[in-house]
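Note sheet for the following structure.
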Amino acid sequence: MSEQLLPISAADVYEAEKAIKGAIKRTPMEKSQTLSQITGAECWLKFEIFQFTAAYKERGALNKLLSLPKNTRGVIAASAGNHAQGISYHAGRLGIPATIVMPEGTPFNKVKRTEELGARVVLTGANFEEATKAAYALADKENLTFIHPFDDPLVMAGQGTVGLEMLEDVPDLDTLVVPIGGGGLISGIATIAKHINPNIRIVGVQTEAFPAMKETFEGKALRGNNISIAEGIAVNKPGERTRDVVKSLVDAIVTVPERHIEAAIVTIMEIEKVVVEGAGGIGLAAVMHHPELFKGHKVGIVLSGGNIDSRLLASAIMRGMARDGRLARLRITMMDQPGALAKVTDVVARVGTNIIEMRHQREFGALSLKQTEMELVIEAKDRDHAQSLVDALEEAGFKVDFAKTV
């Protein structure tokens, strides 16, 4: 399909750039030396997490809002969070009343932040699709203008300014890695990137839990389980307009498991000292999970958003430590006699590990009445250090079951 027949053109992205200039932050594009060493690809990160609402969604939201007539009664959108905040913030700046319909399971931090930005929030529906239906119904009832989070040419063009900035800052990138939910971001980026450099490779990334665009792209069912830490791309039905652009301009779509998204969030936090949400970390997850596609390439990765629920972030950190062997759970069987517990803690201290949690179990289980069981959660420098504790405990006469990973 030629550019002229697609929903948006490069000219639309350039127009969007002019329209939103000054109201949207031009975010940094920086090379990560450490991530490059880890992945074997030259990794350049686009820090869209530094927008005021911590996500790229502001771009498309503002571009659409600026196109509305002055007598607009109000706007309404369906969103799991970032589109909601983009609409709320810029509608508030422009004096336009905003209503946001969110799925009932939306993280509290995104609901609260959207309300703080001045929007009315309506929580309804089990998922994005149900919330969208409710938003359309409310738009008709209250005569509000519905702003789609991705399947709108002006929104798509606004999101495309991310790619325009990436290639202006680093013109010789040969691959762009872009998260996909409904397809608005990758549609805009692919449109401008292929215009600037027809040979550039555009790789979309989805979680295995929500592979809808990949299913459309490849024409086969992948059966995601619809449970994801990446709420921002938790979409079961991609846009009709975005599908046309993806099929025409995107070179490949890959999926990654949820555990790799978790690992990417922790890796980015530890290396780059910034926080990303699931959708914001999925680009790096793809580069790490599919090294054969990216090794030796100069890769631009979009850190699309940073609005992660604090509880999920804490869990991701702890699970990441467990995967790396820095946290381990040990089940220790010992004789139920004075001094046994002290002997265990003495070994722990001698090896140099640290006890995080301890539970002493007598009443439950199938052990002899003369035995007892202790469960320890310990902190170590790495997996080898944790294994050295297991070895030392076994040398001291204890039976140890070591759960190495979560």
Check: the chain dipole with +1 on Lys, Arg Cβ and -1 on Asp, Glu Cβ, in debye = 540 debye
Here region 1-77 gives, from Cα atoms, an Rg and Dmax in Å of 16.9, 54
Over all directions, region 123-218 yields a Cα convex hull whose mean projected area in nm² is 7.7 nm²
Excluding residues fewer than 8 places away in the same chain, name every one of the aspartates and glutamates whose C-alpha is closer than 17 Å to that of Lys295.
-> Glu42, Asp172, Asp174, Asp251
Sketch the reach of a paramagnetic label on Phe402 as a point 7 Å from Cα along Cα-to-Cβ, and name the residues of region 303-329 whose backbone nitrogen lies under 16 Å away.
-> 322-329
For the chain, the per residue accessible area (1.4 Å probe, Å²) is 44 Å²
What residues have an amide H closer than 5 Å to that of His297, excluding those fewer than 5 places away on the same chain, when H is modeled at 1.01 Å from N in the peptide plane?
-> Glu42
Heavy atoms only, probe 1.4 Å: what % of the accessible area of the chain goes to carbon and sulfur, would you let me know?
-> 49 percent
Taking region 1-143, how much of its Cα-Cα pair set, in percent, is spaced more than 26 angstrom apart?
-> 37 percent
Post the alpha-carbon centroid distance, region 10-46 to region 106-134, in whole angstrom.
-> 28 Å
Starting from the amide H of Leu123, placed 1.01 Å from N in the peptide plane, find each other amide H under 5 Å away whose residue is 5 or more places distant or on another chain.
-> Met102
With θ set to phi - 60°, apply the Karplus curve 6.51 cos²θ - 1.76 cosθ + 1.60 along region 322-337 and write out the HN-Hα couplings as whole Hz, x wherever there is a Gly or Pro.
-> 5, 4, 7, x, 7, 10, 9, 10, 10, 10, 10, 9, 8, 6, 7, 8
³J(HN,Hα) across region 161-173 via Karplus (A = 6.51, B = -1.76, C = 1.60, θ = phi - 60°), whole Hz, x for Gly/Pro?
-> 5, 4, x, 4, 5, 4, 7, 5, 7, 9, x, 9, 4
Could you grab the relative contact order for the chain? Cα pairs under 8 Å, six or more apart, rounded to a whole percent.
-> 16 percent
Residues Asn354 and Asp251, FRET efficiency given R0 of 35 Å [Cβ-Cβ distance, rounded to 0.05] = 0.15
Taking the chain and counting helices only, DSSP H stretches of n ≥ 4 at -39,500 (n - 2.57) each over all residues, the nearest-500 ellipticity at 222 nm comes to -13500 deg cm²/dmol
Area projected by the alpha carbon convex hull of region 154-299, averaged over all directions, nm² = 8.3 nm²
Starting from 0 in steps of 20 Å, tell me what percent of the Cα-Cα pairs of the chain lands in each bin.
-> 26, 47, 21, 6, 0
Using Cα pairs under 8 angstrom and six or more residues apart, how large is the relative contact order of region 83-136, in percent?
-> 38 percent
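Quick one: which of Lys21/Lys141; Lys64/Lys247; Lys25/Lys112 span more than 29 angstrom between C-alpha atoms? Present the calculation step by step, with values, prior to reporting the outcome.
Working: Lys21/Lys141 34 Å; Lys64/Lys247 24 Å; Lys25/Lys112 23 Å.
Violating the 29 Å limit, Cα to Cα: Lys21/Lys141.
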Scan the chain and report its longest stretch carrying no GluC sites (Glu not before Pro) that are both in a DSSP loop and have at most 14 other Cβ atoms within 10 Å.
-> 105-362
Which residues make up the longest stretch of the chain clear of trypsin sites (Lys or Arg not before Pro) that lie in a DSSP loop with no more than 14 other Cβ atoms within 10 Å, not counting the sites?
-> 74-219
From the backbone phi of region 117-133, what are the Karplus-calculated ³J(HN,Hα) couplings (6.51 cos²θ - 1.76 cosθ + 1.60, θ = phi - 60°) in whole Hz, Gly and Pro given as x?
-> 7, x, 8, 7, 10, 10, 9, 7, x, 7, 8, 4, 5, 5, 5, 5, 4
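The values are calculated or read from the model by the stated rules, or taken from the named source; none is laboratory data. All figures in this text were calculated on a predicted structure; none of them were measured in a lab. Cβ atoms come from the backbone with ideal geometry, glycine included; neighbour counts cover every protein chain shown. Protein only, heavy atoms only, side chains kept; ligands, DNA and RNA dropped before computing areas. Shrake-Rupley method; radii C 1.70, N 1.55, O 1.52, S 1.80 Å.
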